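Every read-out reported here was derived from the displayed coordinates using simple, explicitly stated rules and does not represent laboratory data. Please read these numbers as outputs of a predicted model, since none were measured by experiment. Here Cβ is always computed from backbone atoms with ideal geometry, including for glycine, and neighbour counts include all displayed protein chains.
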Amino acid sequence: MTFPTPPLAPRRPHVRTVHGDVVSDDLAWMADRDDPEFRAYLEAENAYAAARTSGVAPLAEEIFGEIKRRTKETDLSVPIRHGGWWYYSRTVEGEQYAVSGRVRVEDHPDRPSLVGETPPPDEQVIIDENLEARGHDFFSLGASDVSPDGRLLAYAVDLAGDERFAMRVRDIETGLVLDEAVTDIGYGVAWSLAGTHLFYTRVDEAWRAHEIWRHEVGTAVDQDVRVVAEPDERFSVGVGTSRDDRWIVFGIGSKTTSEYHLLDASSPESPPVVVAPRADGVEYDVEPMGDELLLLHNRHRPNFEVARATISSGGVGEWQPLDLTTPDEYATGVEAFTDVIVVSLRSGGQTSVRVVPRDPAAPSGLGEPFDIAFAEPVRSVGTGDNPDPHTDVLQVVYSSLVTPQTIYDYDLTTRELTLVKRREVLGDYDPEAYVQHLEWAKADDGTRVPMSVVHRRDTPLDGTAPGFLYGYGAYGLSTDPWFSVARLSLLDRGFVFAVAHVRGGSEMGRGWYDDGKMEHKEHTFTDFVACADQLVSAGFVHPRRLAAEGGSAGGLLIGAVANLAPDRFRVLHAQVPFVDPLTTILDPSMPLTVAEWEEWGNPVDDPAAYRRMKGYSPYENVGPHPYPAILVTTSINDTRVFVTEPAKWVARLREVATSDPATAPILFRTELTAGHAGLSGRYDAWRQLAWEWAVLVDQTR
């Protein structure tokens, strides 16, 4: 078979010295994303990828069809009661985006029926994203918030994928847009209690949310007032409201330190109250309700704990420990309700929800805590949408590798779970046809690394099956087991699918994160290789039929293991990959760079951090040896990881790698109308995923 010739990127000399190290990078010119030659290179790579994978087009169409047939395209979410309304979202067959709607509680005393494919006849549409997206190749909401009186909608839209939003205010009853003065904002908006003012964030040139502004609805933007300005480039700001709408919450945080301010929502022009001034290394989160404040913090425990304080006009009182968790339980969230406190936590690698009754008769004011029990050994459980602080029913969301997302009502009085809705998988899906379990790998330093594994019950585990290993491992973000309709297309083709819960996430507690960052970052990569080895040695997969995938910081993981252990994998997929981290983290003007120094180290001022990052940076360590087949996907408007990084990495691989392009191709595709999360419409996203997985399936045959 004759294959097209891969593109070769132009080279331009570029030399600089860093900490006495002379660095030559003849692909540095790609940092100019507006360079016509760079655009031409990306288009040439797209053409090559299309030509090189033309043979998988039928398989991609087949996988897309499977996803579509298994998905209930016209569907309705579980309606949530808030104020005098039931709120929900719905999808319509053939439409790319969701429609948000509501109906009055007085007309529907009980939750509206979830049966049927048509909305209630008295529906009031809040926002139809399909109408908002009309005429645009990309559409994403950065915020959507109804005013406390239920009259107005504030929403923010991104039409490019660069995560910079324009804010609009609409009268829900009439549909009229009342205000669109504010543009170029970050994520999140928050209403004042009377619905007269909005608070929003501004981002700087490095895409850091660094300011919070107050806008009076209907006025010119030049009358807006800046209420928070954060000069420290390590810190970003955010804005939200309390569950009872009484407080506007301003959050300021770096990767290791937090500070919160509370503003009385009924007095939007008054000064905010500082919860606690920032202290280096102290992280905390707040859950205000009325005059009570619950705090989740790490002042005394690495795994965090819950405290309580009172709020007054003079400030916040002393933090009183509540002793709701043990030191080896990782507390990840706390929610305040009239009758209970709810704590989200992790223990032994599993998520759980703890309910703490409020008991005025008890000396502490709290009764005996208890956990909501679930039986599956591999699972994800958490609280859902619970906007009413006075509720006696808690929404709980559950899923596993074989159980579709399931919504329960948990009665706080009877302690009974009632199934409300389980995501419907069309066709003949039978969860009993699949097996899930935890598997453990042993890392180089002896640490046991968990993997969540799923496969068909009839898949032979004799070392012949193809495998798919997924990983992330950064920022303390846990990759908990989740159900995927699309994944069934892999499992039904005999794949063993595994999630490697490597260090850098928080699956095993806060220490799991700390042991996979900064000077310990390489644990993330060696853990992943250990998981790949375990899949092979335990007979789950064939050593030459293993695919691996990761995105963003997970793309760094994929790039690092491509250099570290290229012989372990048949094909690697790096999505929007952070594969030139040293160049990026050396440039404080790049998006998020200064804030990232607390995750990776500061190579600008610290020679040891520079040498460490240079030792694992995928781009810096491409070597003259064979690589597995590599698929690289990205988007031109990505603000978080510039398209420059994967472009440079691919060009370096083409120049240095000794792989045979006929059997181990290097493929690079850039979406030209998308951002970090890829294409925005659901059908477009399915097609994108179907093509990517068709490439991986083809390589592992």
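Structure above, values below:
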quantity: Segment 648-701: radius of gyration over Cα atoms, expressed as a fraction of 2.2 N^0.38 Å; calculated: 1.37
quantity: Percent RCO, i.e. relative contact order, over segment 287-424, from Cα pairs under 8 Å lying at least 6 residues apart; calculated: 13
quantity: J(HN,Hα) series, segment 534-551, from Karplus relation 6.51 cos²θ - 1.76 cosθ + 1.60, nearest Hz, glycine and proline x; calculated: 5, 4, 6, 5, 7, x, 6, 9, 7, x, 10, 10, 9, 9, 9, 8, x, x
quantity: Stretch gain in nm, segment residue 361-residue 414, where the contour uses 0.36 nm per residue and the Cα spacing is subtracted; calculated: 17.1 nm
quantity: Separation in nanometres of the label points that stand 7 Å from Cα toward Cβ, at residue 621 and residue 567; calculated: 1.7
quantity: Zone residues, segment 217-244, relative to residue 269, backbone N less than 14 Å from point 7 Å out along Cα-to-Cβ; calculated: 217, 219, 223-226
quantity: Estimated FRET transfer efficiency when R0 is 30 angstrom, pair residue 457-residue 370 (beta carbons, to 0.05); calculated: 0.30
quantity: Expected-Rg normalisation [2.2 N^0.38 Å, Cα atoms] applied to segment 1-85; calculated: 2.00
quantity: Stretchable slack from residue 122 to residue 328, in nm (0.36 nm times residue separation minus alpha-carbon distance); calculated: 69.1 nm
quantity: Estimated D of segment 557-701 in µm² per second, where Rh is the Kirkwood radius over Cα pairs and Stokes-Einstein applies at 4 °C, 1.567 mPa s; calculated: 81
quantity: Label-point separation, residue 482 to residue 292 (7 Å along Cα→Cβ), nm; calculated: 3.3
quantity: Over segment 287-424: Rg over Rh, Cα atoms, Kirkwood Rh; calculated: 0.98
quantity: Segment 184-217: GluC sites (Glu not before Pro) in DSSP loop, at most 13 other beta carbons within 10 Å; calculated: 205
quantity: Estimated FRET transfer efficiency when R0 is 51 angstrom, pair residue 310-residue 464 (beta carbons, to 0.05); calculated: 0.20
quantity: Cα point-scatterer Debye curve for segment 188-347, base-10 log of I(q)/I(0) at q = 0.09, 0.13 Å⁻¹; calculated: -0.31, -0.63
quantity: Integer Hz, Karplus 6.51/-1.76/1.60 couplings in order for segment 288-304, x for Gly and Pro; calculated: x, 8, x, 9, 9, 10, 9, 10, 9, 8, 10, 4, 10, 10, x, 8, 6
quantity: 3J(HN,Hα) from dihedral phi, segment 647-655, Karplus parametrisation 6.51/-1.76/1.60, rounded to Hz, x for glycine, proline; calculated: 4, 5, 4, 4, 4, 5, 4, 4, 7
quantity: Cross-link reach list, lysines versus residue 517, counting only Cα pairs under 18 Å and skipping chain neighbours closer than eight places; calculated: 255, 614
quantity: Length released on extending from residue 518 to residue 662, taking residue separation times 0.36 nm less the Cα-Cα span; calculated: 48.0 nm
quantity: P(r) weight above 18 Å for segment 119-229, C-alpha pairs, percent; calculated: 49
quantity: In segment 237-309, the GluC sites (Glu not before Pro) that fall in loop regions by DSSP, at most 16 other Cβ within 10 Å; calculated: 269
quantity: Rh by Kirkwood over Cα pairs, then Stokes-Einstein D for segment 405-451 at 0.890 mPa s and 25 °C, µm²/s; calculated: 167
quantity: Span per principal axis, largest first, for the Cα atoms of the chain (Å); calculated: 73, 57, 53
quantity: Kirkwood Rh and Cα Rg combined as Rg/Rh, segment 173-282; calculated: 0.98
quantity: Virtual spin-label span in nm between residue 220 and residue 23, 7 Å along Cα→Cβ; calculated: 4.6
